[in-house]
Amino acid sequence: MFAIFNRHGNQSGVVPPFQLIFISFALLSALFLTACMPPPMDDRPFWYDRVAVADNVRSLELLDVRENYAPDGTPMVVLVARSGAVSRQNLRARALWFDGNGTPIRTTVSNWQQRTIDRGQQFEMTFVGPGSMARSYRIEVQRNPN
């Protein structure tokens, strides 16, 4: 038996041992279960950090980025998205390419592609790398300033 004391130092009750065992077991079980849980899964797609959509783009839902390679090793990516804007919007996008060291590759294939997208329209934009030396990419999507 364990005595419980109130804030004035007076004994206010007695806790039977089985209740202490039950409470201790419950606390230890809760600690054990939370310690054994796997870390939270990141359910974002692999390409999530490779696509940057500017703040001035109205409601654009990114659906997919498909990666492929030409027979000579040149990378190609296809951005698939849907406009959620309430009206037509003019967008532009480009892919910036990087070599195996993460150094940007200066190339004319990184020019902006322009599209006019209707409300609710799903669209694809294809980007072809500058050659087999391109190892990674970053897609930028902006509202067309023109």
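No value in this document is a laboratory result; all are computed from the given coordinates. Everything numeric in this text was worked out from a predicted model, so none of it was measured. Don't worry about glycine lacking a Cβ; one is built from the backbone with ideal geometry, like all the others, and counts go over all protein chains shown.
Structure above, values below:
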| read-out | value |
| --- | --- |
| Stretchable slack from T74 to A54, in nm (0.36 nm times residue separation minus alpha-carbon distance) | 4.5 nm |
| Relative exposure of D118, D99, judged by other C-beta atoms within 10 Å (fewest first) | D118, D99 |
| Amide H partners (placed H, <5 Å) of I105, local residues excluded | W97, F98, D99 |
| Burial ordering of D55, D49, fewest other beta-carbon atoms within 10 Å first | D55, D49 |
| Dipole magnitude of the stretch 48-143 about its Cα centre (Cβ charges: Lys, Arg +1; Asp, Glu -1), debye to nearest 20 | 340 |
| Karplus 3J(HN,Hα) series, Hz, for the stretch 123-134 with 6.51 cos²θ - 1.76 cosθ + 1.60 (x for Gly, Pro) | 9, 10, 10, 9, 10, 10, x, x, x, 5, 6, 6 |
